[in-house]
Amino acid sequence: MSTGEAKPKLIRVEDLLQRTVYDVDHRAHIVVDSEKCAKCPKKPCTYLCPASCYVLVDDRIVFSYEGCLECGTCRVICPMDAISWNFPVSGKGVQYRFS
Amino acid sequence: MSLKVVVGIKWVPNTQAVRFDPKTGTLIREGVPSIVNPHDLDAVELALQLKERYGAKVTAISMAPPSAIKGLEHVIGMGIDDAILVSDRVFAGSDTLATSYVIAQTLKRIGDFDLALFGQETIDSSTAHIPAQVAGWLELPYMYYVDRVEEVDEKQRTVTVRRMLEDRLEWYQLKMPAILGVAMKSQKPRPVSIYNKLRVRMENPIQVWSNKELGLDPRCLGLKGSPTLVSKVTWTPEVPRKKQVIEGPPSEAVKKLVEKLCEEGVLPFEC
Amino acid sequence: METKFDVIVVGAGPAGASAAYTAAKRGLKVLLVERGRGAGSKQVFGGRVYAAPLREIYEGFDKEAPIHRWVRKERVSLVDGNRMVTVEYESDQAASFTTYLTQLTSWMVDRAVNAGAVFVDEVRVDSILRDGSGRVVGIDSGGERVYADIVIDAEGVNRLLLEKLGLVEKTRPSQVALGVKEVIKIGEDKINERFSVAPGEGVSWVLVGAVTGGMPGGAFIYTNKDTVSIGLVVYLETAVEMVEEPIHVMVEKLRTHPALGRLWADGDVMEYAARLTPESGYRYMPRKLAAHGLMVVGDAAGLLLNTGYTFRGVDYAALSGHMAGEAAVKALEQGDVGEENLRSLYEKPLLESFMVRDLRRHRGIEWFMSNPEFFKKYPALAAGVASKLFDLEGEAPTLLDALRSSAKEHGLSMFRLAMDMFRVVRKL
C-alpha cells in the first residue's frame, strides 16, 4: 500500500513505557530467583512480559520491576517457579489513566 | 507535654508523566496525575520516627488546591495524626516568597510546634527555598540536608541532628522550635496501613483553612505577593555526541569502553 | 475505632464496586478496599461494555456513566500478511459502548461511596482471614486485621488470595490470555471521518490471523471519544510455545500495520497497558463460588465470555458483584452466612443466569482458540480467495473455483474445510 503518507515508526519499549504513568516504590514488589532462571531452558518471560522487565544479558536474566504493568503474566508462565509475585503497596506502581 | 511536629507537603504533578510536545514546544499535561512530592515523604518518615520515639503528635500542612486532600490522605495513611489544607483562591500563583509567608503564618497559627520538617526540594520546581524562607519569616533556627534526628531534649528544648553532605557528616544542636530540611532519599518511607486509612474516613482528620482563618494581607499573597518573574525558559540544546555502541557481553564491552576513554584522556587516572 | 463491617469487598473493579454499591444501598455497613491510588488506577480492559446489565444495576446509567461511543459497527477481519478480508455489520441498535475502564470504574466507585460504602484506597489486602473452624471472618493487610460477617472477593484475575485460601489452584497458562493495549489519540473529528461514524457512535473491530503471528488469539480496535484502543490478546499456553518475538514488538507491528496504521499514523500513543484475562471463563471458575462468609465475583470467579468475536467481562463482573451484594443482604437478614446458604443465595442463581449459560454454550471456542491452524491457514485462505476474485488480471473465476484453488494452495481439502467450518459454526 503506497499512499505516500507518513508511515508510523516503531516505538521502542523503553519509550512506550514512558507513555504510561508510574509512581515507583523503593520496595520491589516482585522478586526473581536468578539462580533458578539460569537453569531455565526457554525463558518465556523475555518474550511475553509486555513491559520487557526480564532481559537477557550474557545469558542471564536481569529483572527490573520499575516498568511492571502488573498483569501477572510472568507469574503464570514461569516454568521454574522462580518468581515471588505480588502487587505494590501504598497505591504505588502503575497508574492507568486511559485504559 | 509531648513533642509537636509539623510536616510540610507539596502536591505536585508526577513529572515522569509530563511529556514534551516537540511540535508545539509545550508540555503535555493532559491526564497527568498529582502525587505527594516524593522528597516530602522523607520528611514524613522522619516525623513518624519521632512519633515512635518520643510520642510526638504529627500534623501535615499543605498549601494547595482542594485536590491535594488526596495527598494528605496518603500521609495520614502512613501514620500522620492530622492535617491542615491551606487553600484559597487568593493564594493562586504564589512564588516561593508568598508561599513561605503563608506557610510561616500557618505555623504561627498552629502555635506550639517544636519542629517543622520539610523535604529538601520539590520535583516540579527544585528551588529548595521553602524551609529556609519559613525559618526566615519566623526567625527560627534552620538546618538542611538533615538525615537523622539524634536526640530531642524536651527539657532543654534542643534537638541534635545529623546532616549529610557530599564528603562528610556534621552534627548540630538547635534550639526548638526549629525548622529542618530533610535530605532527599535519606529515609525509606513506610507504606500506607489500612487502619490509618480508615481513620481518614471515620475521624475527619483533615481541616481546611482559607484566608478567612489566616487573615493575611492579600498584597502579600498570590501573584501580587510574588516578586519572582520567570524571565526565560530554554530547553537544553542537544549536544552533538559521537554515540558509539559497543557490542558484546558487558564484561568485554566495559574493557573496550575503558580503553576508548583512556584514548580520549578523560579518565582521572593513568591507564 | 470501628473494626467490624457487615461486608468487606476486596478490590474496587467493576465487580467489587457493584457489590459494594448494591450492599450499601440496601443499608449494609460496607468497606470497599482497593490496592490502587483512587478508583480505577489499576483497571485495564479491551474497550467495550455491554450496557443492559449495568442499566439494571445503576439508576440513570445511560445519562451519567462515562460512555465514549455507542458501538454501531462490528467488524471482523481475517488478516494474512498485509491483506485482509473484513466483514462489517452495521445496525441502528447499539447494545454496547466504548469507554476507559479507568473512568467507568471510578464512576461506579463514586456511586458506591454515595450509597454509603466506606472506600479505602492504597491498601493491599494480603490475606482473607479464617477462624479455627475455617469460617471467613475478615481480612489482613500488612498484619492489621479488619473483620466482617461477609467478605466478597473481587480481587481480579490474579487470584493471590483465593490461592492462599486453597480454594483455587495456582493459575496455569492454559487458563488465561494476555491482553496488551495501546491508546492512541487522534481527535474526535478524525475518528468520525476515518471510521465513517457519526459523533457518539463507534466501531468494534476484531482481527485474527497474521496480527498475532499466527498464534491463537486476536487483535482488537475500539474507537473512543478522541482516541482509539488497539491491542492483542494471545493465549498463554500456545504463546509460550509459539512466540517468536517480544509481545511489545507484536503490538507495535499492529500499530504500524500497512493496512491499519494509516488510521492513526498521526496519532500520539497516550498509554500502554496490559492485563491477564480468563481464557475461557468456565475453565477458570473455582469449584465453588461461596464458602462460609465468602463470595467470589468477577474475573476471580472466571466470569468472562470470549466467543472469538466478542468479549464480555465488565458487565458480567458488575452483575455478579450485584448478585453477591443482594445475597449478602438476604444472608444477613436471615442471620446465616454459612456456606450452604451463600451458595443457594448467590452461586445457584448465578449458575442459572444467562451469563453462565453463555459460558457453557461457548465452551467450544476452546477448540479453535487453541487450534493454531485456524489462525494461520484460514486467514490466508480467505485472503487468497478474495485475491483470486478481485485482483483480476485475466479470466474471472467463480467463487467455488477461487475457494477450491486457494484451499489447495494452503494444503486444505474442501472436505476438511467444510468440516472445520461446520465445527466453528456449531461451537459459536
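None of the figures in this text is laboratory data; all of them are computed from the coordinates on show. Keep in mind the model is a prediction, meaning the values are calculated, not measured. Counting neighbours? That spans all protein chains shown, and the Cβs are built from the backbone with ideal geometry, glycine included.
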Report the antiparallel proportion of the DSSP beta bridges in the protein assembly as shown as a percent, rounded to a multiple of 5.
65
So what's the Cα pair-distance distribution over region C:255-330, bin width 10 Å, in %?
16, 32, 25, 16, 9, 2
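Would you please classify the overall shape of region B:130-271 from the alpha carbon gyration tensor, given that a ≥ b ≥ c denote the square roots of the eigenvalues, rounded means a/c under 1.5, and beyond that prolate means a/b larger than b/c while oblate covers the rest?
On the way: a/c = 2.06, a/b = 1.75, b/c = 1.17.
Prolate is the answer for region B:130-271, as a/c is 1.5 or above and a/b outweighs b/c.
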Which of the trypsin sites (Lys or Arg not before Pro) found in region B:49-158 are loop residues per DSSP with 15 or fewer other Cβ atoms within 10 Å of their Cβ?
B:155, B:157
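With charges set only on the Cβ (+1 for Lys and Arg, -1 for Asp and Glu), what does the dipole of the protein assembly as shown come to about its Cα centre, in debye to the nearest 20?
Details: 101 positive and 103 negative charges, 156 e Å.
That gives the protein assembly as shown a dipole magnitude of about 760 debye.
Among bridges DSSP assigns within chain C, what percent are antiparallel (round to 5)?
On the way: 55 of 80 bridges.
Expressed as a percentage, antiparallel bridges in chain C total about 70.
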From the gyration tensor of the Cα coordinates in chain C, what semi-axes in whole Å does the equivalent ellipsoid have, largest first, with each one equal to sqrt(5λ)?
42, 23, 18
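If R₀ is 56 angstrom, what is the calculated FRET efficiency for the pair residue A:39 and residue C:405, using the beta carbon separation as r and rounding to 0.05? If you can, show how the numbers build up before the last one.
Details: r = 50 Å, r/R0 = 0.90.
With a Förster radius of 56 Å, E is 0.65.
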Note, ³J(HN,Hα) from phi for region C:31-36, Karplus 6.51, -1.76, 1.60, rounded to Hz, x at Gly and Pro:
10, 10, 10, 10, 6, x
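Of all GluC sites (Glu not before Pro) in region B:1-69, which ones are in loop regions per DSSP and have a Cβ with at most 13 other Cβ atoms within 10 Å? Spell out each step's value before the answer.
On the way: sites: B:30, B:45, B:52; in loops: B:30.
The qualifying sites are B:30.
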Any idea how far the Cα center of region C:119-143 sits from the one of region C:239-301, in Å?
28
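Give the average, rounded to an integer, of partner chain Cβ atoms located within 10 angstrom of each Cβ in A:9-15. Working shown, then result.
Details: counts 4, 6, 8, 3, 7, 0, 2.
Neighbouring Cβ atoms belonging to other protein chains average 4 per residue here.
Calculate the mean, over all residues of peptide C:178-184, of how many other protein chain Cβ atoms lie within 10 angstrom of the residue's Cβ.
Details: counts 8, 3, 6, 4, 6, 6, 3.
Average neighbour count from other chains, rounded to a whole number: 5.
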Inter-chain shielding metric for C:261-271, i.e. average beta-carbon neighbours from other chains within 10 angstrom, reads 5
FRET efficiency for residue C:4 and residue A:86, Cβ-Cβ distance as r, R0 = 25 Å, nearest 0.05?
0.40
Please list, in order along region C:250-258, the HN-Hα scalar couplings obtained from phi with the Karplus expression 6.51 cos²θ - 1.76 cosθ + 1.60 (θ = phi - 60°), rounded to whole Hz, x for Gly and Pro.
5, 5, 5, 5, 5, 5, 9, 4, x
Could you compute how fast region B:38-101 diffuses translationally, taking Rh as the Kirkwood radius over C-alpha pairs and applying Stokes-Einstein at 20 °C with viscosity 1.002 mPa s? Give it in µm² per second.
168
Given backbone amide H placed at 1.01 Å from N, residues whose amide H is under 5 Å from that of residue C:81, ignoring those fewer than 5 places away on the same chain, are C:210
Largest first, please: the extent of the C-alpha atoms of region B:1-82 along each principal axis, to the nearest Å.
59, 22, 17
Treating each Cα of region C:7-52 as an identical point scatterer and ignoring solvent, apply the Debye formula and state log10 I(q)/I(0) at q = 0.24, 0.25, 0.29 Å⁻¹.
-0.88, -0.92, -1.04
Note to self: C-alpha centroids of region B:70-128 and region B:221-271 sit apart, in Å, by 35
Once Rh for region A:26-95 is found with the Kirkwood sum over Cα pairs, what is the Stokes-Einstein diffusion coefficient at 20 °C and 1.002 mPa s, in µm²/s?
174
Using the alpha carbon gyration tensor of chain B, what are the three equivalent-ellipsoid semi-axes (square root of 5 times each eigenvalue), largest first, in whole Å?
38, 26, 20
So what's the angle, to the nearest 10 degrees on a 0 to 90 scale, between helix C:399-409 and the longest Cα principal axis of chain C?
80
For region B:118-126, Karplus-derived ³J(HN,Hα) couplings (6.51, -1.76, 1.60; θ = phi - 60°; whole Hz; x for glycine and proline) come out as 10, x, 4, 7, 10, 6, 9, 9, 6
Tell me the Rg and the Dmax, in Å, that the Cα atoms of region C:1-113 produce.
17.9, 65
Out of B:246, B:194, B:110, a Gaussian network model of chain B with alpha-carbon springs under 10 Å gives the largest mean-square fluctuation to B:246
Post the alpha-carbon centroid distance, region C:304-354 to region C:39-57, in whole angstrom.
17
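Return the Rg/Rh value of the protein assembly as shown, two decimal places, where both radii are evaluated on C-alpha atoms and Rh is the Kirkwood radius.
Rg/Rh for the protein assembly as shown comes to 1.00.
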Do any GluC sites (Glu not before Pro) in region C:232-337 lie in a loop, going by DSSP, with at most 11 other beta-carbon atoms within 10 Å of their beta carbon, and if so which?
C:244
Simple spin-label estimate for residue B:54/residue C:147, 7 Å along Cα→Cβ, in nm, reads 3.8
Taking GluC sites (Glu not before Pro) as exposed when DSSP calls them loop (any state but H, G, I, E, B) and at most 16 other Cβ atoms lie within 10 Å, what is the longest stretch of chain A free of them, the sites themselves excluded?
A:6-65
Starting from the amide H of residue C:8, placed 1.01 Å from N in the peptide plane, find each other amide H under 5 Å away whose residue is 5 or more places distant or on another chain.
C:31, C:150, C:151, C:152
Can you tell me the alpha carbon radius of gyration of region C:137-221 divided by the globular rule-of-thumb value 2.2 N^0.38 Å?
1.76
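Based on DSSP, what percent of beta bridges with both residues in region B:4-220 are antiparallel, to the nearest 5?
Numbers: 19 of 44 bridges.
Counting DSSP beta bridges with both partners in region B:4-220, the antiparallel share is about 45 percent.
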